Structure formats: C-alpha cells, structure tokens
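Encoded as structure tokens, the structure appears first; notes follow it.
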There are 2 protein chains.
Amino acid sequence: MLSKSSKYAIKAVLFLALNSNDKKKVMVKDISEPINVPQAYIAKLLQKLSRQNIISSSRGRKGGFYLSDNNRKQSIMSIIEVIDGEKNFNSCMLSLKECDEDKPCPLHKTLYPFKSNIIRNLESISIKELALEVELGNAFLPL
Amino acid sequence: MLSKSSKYAIKAVLFLALNSNDKKKVMVKDISEPINVPQAYIAKLLQKLSRQNIISSSRGRKGGFYLSDNNRKQSIMSIIEVIDGEKNFNSCMLSLKECDEDKPCPLHKTLYPFKSNIIRNLESISIKELALEVELGNAFLPL
DNA sequence: ACTAAAATATGATAAAAATCATTTTTAGGA
DNA sequence: TCCTAAAAATGATTTTTATCATATTTTAGT
Ligand code: FES
Ligand code: FES
C-alpha cells in the first residue's frame, strides 16, 4: 500500500507538525529517535521533502527542519507523491499498467471505488488536521 | 497494495478458470505466455498455490495445472494469502506493526473503513465469479 | 575571518523481492 | 519396464528497496 519510505516520511512530518515551527527548528537526530527511524535514512527523506517544499529547513548552526504555516496546509498525499512518486496509487490492481476504466480488469469494479475514495481522502486531509487529531488524543503516533 | 507476485498469481488462476478443467490441463508454458509472466517465475507461484490446494495439478506426462469445481469456489483473498501471507493487509498504514483499533494511528480513522471493505470484498468474491465477468465481456484480463 | 553545528550531496552496502537456471520426482505410453 | 513429458524442488542471480557512511556546503556565533 504505502512504501516503508512514505510511512517514515509521514511520521516524520507529523512529528514536525507537533514539535516545530519557524521559531523552533529541530534537527534530524531529534526526529529520527522518537519516531524510531534510522537517522541517515530519514535525513534523506526529509531532504527530498524539503526540496519539494513540503517541509522547511535551514542549514548551518541553529538550523534544522520545521513546518511553516503554509507547509501545514498541504495534503498527506503530497508527501506520498514526493516519496513514492504516486505510481502506487493509479496502477491497476492486476496488471502492472495503469488502471483503465475502458478496459477494466476483473477486480476493477469491486475495488476501484474504494481505492479512489482512499485517494480522495488522502488528498483532502491536511497535515495540520492530522496533527490535531494526535493533539486531541484521538490518534497516536506509533513508533 | 498487492505485490507483483499476487497480481501474477491472480491472473494465472483466472486464466486457468477460463481455460482449464479436470479434463483439460494446461502446462506452465501455455499459461505464462498469454498472461505475460516469466515462465519459471509463474511456475513457482503455481506450485505454491497447488500445495495449498488453491489450484490443482498433476505431474508427469499429460499433466498440467487446472481448476477443479471446488477450486473455483475459493476466494480471491485465498490466493493473496498464499502468495503474500496476508501481512500486507492487516498492517497499520503508518507503523510497521499491526493495525490497532485501541491505539489507532492518525490515518486509521479515515482509511481503515475502506481497507476493511476491500478485504471483505476480496474474501467474498470467488474465482468462479470473477472469471464469469471476463466471459461476459464485462472485464478484461490484462497482460 | 574562523570555527563548529547543522543540512545537503553522493555514493556504498545490505536486505528483500523478483527472476532465472538446474536438478529431481512423477506418471503416461510404447 | 523403460523412456519421456510434465510438475516440483532447490538454489543462484539480478533488480529494487532500504540502510549506512563519508565528504561537502551553509550559517550563526565568537
Ligand atoms: S483496471 Fe485494474 S484496477 Fe482498474
Ligand atoms: S492503526 Fe494505523 S491503520 Fe489502523
């Protein structure tokens, strides 16, 4: 469904949403540990996200990663797209090709509606909203 | 979502549903080609399915793979379970662990309902039913 | 300016998934 | 009974994904 990498990335972004802002940057070391992901690995993912402006970063002394208010408005899907390249989601469930309404595979009819709903949800839910759920204690950040 | 292997396996089983029965066995070579999957690879998958009685086979001369009437009654999920080991489906969407209702991750609330519906569908739909859709021309076996 | 603390870039290694190749076993037919 | 065509078993290789290690910028503070 989601690659390990996007899972890691989402966790990291959520962690940043809860623990950072433009005044309070946090460095990889202090992200990787609580979310339980190898430091060098999450660093690479964060860099990718930063390059695509999903998250913010500043380097040098007193630098670190953080989320600006604008960053928080982005969707969860945008994270996945940057990391996995969205291919996972519009591919057909049986072939290796794209899903094709006109020539649907046998599983299309039953599964596609669900899949497209999942996509729609991931596209519409923002980082900020998800983080709020955690703050309210309705959801938990798993390690 | 589904591994390449389960996709291959489902295609192969569907092909057998359409082109074989206990009187008409078909050998790997004649399965792998039309469904466009490397012969040695699909052979391995078919063997696994056969061992778990999802499909039938007989060896030696005049042997081959085929689907008995009983085989056809099985669910699509049973194929996936044999090949992927079901792990893909009950794992949490954010952590590497199992999905946990009591301590749901932030994505659980939005995605789990869809996921469980997908699972329920895959469990309830039989090989025979899917094959019928193809016979009726409502669905297509992609290469 | 200089230094140290940070991200960034690049490339190497390890683990997992997919693919390929070879051998062994089984059973039908001469 | 012996040969041959088939699946089954085993193990090697390749490709992809995940992980690790090292060197290079950038920037705040002195
Ligand atoms: S065509 Fe296969 S999922 Fe849509
Ligand atoms: S706890 Fe993460 S999907 Fe259910």
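What follows draws every value from the coordinates through simple rules; no lab data is involved. Only a predicted model underlies this, so the values are computations on that prediction, with no experimental measurement involved. Neighbour counts run over all protein chains shown; Cβ positions are idealised from the backbone, glycine included.
Convert 4 °C to kelvin, take the viscosity as 1.567 mPa s, use the Kirkwood radius over C-alpha pairs of the stretch A:28-143 as Rh, and evaluate the Stokes-Einstein diffusion coefficient in µm²/s, rounded to a whole number.
Translational diffusion coefficient: 79 µm²/s.
Starting from the amide H of residue A:21, placed 1.01 Å from N in the peptide plane, find each other amide H under 5 Å away whose residue is 5 or more places distant or on another chain.
A:67
Taking a quarter of the surface of the Cα convex hull of the stretch B:64-125, what do you get in nm²?
5.2
What nm distances, shortest first, do you get from the label point of residue B:84 to those in the other copies when the point sits 7 angstrom along Cα to Cβ?
So the label point of residue B:84 gives 1.1 nm to the other copies.
Check residue A:97: other-chain or 5+ apart residues with amide H under 5 Å from its amide H, H built from backbone geometry?
Answer set, sorted by chain and number: A:92.
Just to be sure I understand: with springs between alpha-carbon atoms less than 10 Å apart, which residue in A:129, A:101, A:33 has the highest mean-square fluctuation in the Gaussian network model of chain A?
Looking only at A:129, A:101, A:33, the largest GNM fluctuation is found for A:101.
Would you kindly enumerate the cysteines in chain B that have no other Cys beta-carbon under 4.7 Å from their beta-carbon?
If one checks each Cβ against the other cysteines of chain B, B:105 turn up with nothing under 4.7 Å.
Averaged over its residues, how many other protein chain Cβ atoms are within 10 Å of peptide A:70-81's Cβ atoms?
If you average over the peptide's residues, the count of other-chain Cβ atoms is 0.
Evaluate Rg over Rh across the protein assembly as shown, taking Cα atoms for both radii and Kirkwood's formula for Rh.
Result for the protein assembly as shown is an Rg/Rh of 1.07.
Could you pull out every one of the lysines with an alpha carbon less than 20 Å from that of residue A:62, ignoring same-chain neighbours closer than 8 positions?
Counting by Cα, and skipping residues close in sequence, residue A:62 has these lysines nearby: A:23, A:24, A:25, A:29, A:44.
On average, how much area does the Cα convex hull of the stretch A:2-91 cover when viewed from any direction, in nm²?
Mean projected area for the stretch A:2-91: 5.4 nm², to one decimal.
Work out Dmax and Rg for the stretch B:89-143 from the C-alpha atoms and quote the Rg first, both in angstrom.
Final numbers for Rg and Dmax: 15.8, 45 Å.
Other chains near A:108-121: what is the mean number of their Cβ atoms within 10 Å of each residue's Cβ?
5
At a threshold of 8 angstrom on Cα-Cα distance, excluding pairs fewer than six apart, so keeping six or more, what relative contact order does chain A reach in percent?
28
Return the sequence-ordered ³J(HN,Hα) values of the stretch B:39-55 in whole Hz as given by the Karplus equation 6.51 cos²θ - 1.76 cosθ + 1.60 applied to θ = phi - 60°, using x for Gly and Pro.
4, 5, 6, 5, 4, 4, 5, 5, 4, 4, 5, 5, 4, 8, 6, 7, 10
Taking the Cα centre of chain A as origin, work out the dipole magnitude from +1 charges on Lys and Arg Cβ and -1 charges on Asp and Glu Cβ, in debye rounded to 20.
Here the size comes out at about 640 debye.
Return the single residue from A:51, A:61, A:120 with maximal mean-square fluctuation; model: Gaussian network over chain A, springs between Cα atoms under 10 Å.
A:61
Please check: in the Gaussian network model of chain A (C-alpha springs, under 10 Å), which one of A:67, A:46, A:94 has the largest mean-square fluctuation.
With Cα springs under 10 Å in chain A, the top fluctuation among A:67, A:46, A:94 is at A:94.
Go through the stretch B:67-81 residue by residue and turn each phi into a ³J(HN,Hα) via Karplus (6.51, -1.76, 1.60, θ = phi - 60°); whole Hz please, and just put x for glycine and proline.
10, 7, 4, 5, 3, 5, 7, 5, 7, 5, 4, 4, 5, 4, 4
Mind listing the label-point distances from residue B:52 to the same position on all other copies, shortest first, one decimal in nm, points 7 Å along Cα→Cβ?
3.3
Which lysines have a Cα lying under 22 Å from the Cα of residue A:109, excluding residues fewer than 8 positions away in the same chain?
A:87, A:97, B:4, B:7, B:11, B:73, B:115, B:128
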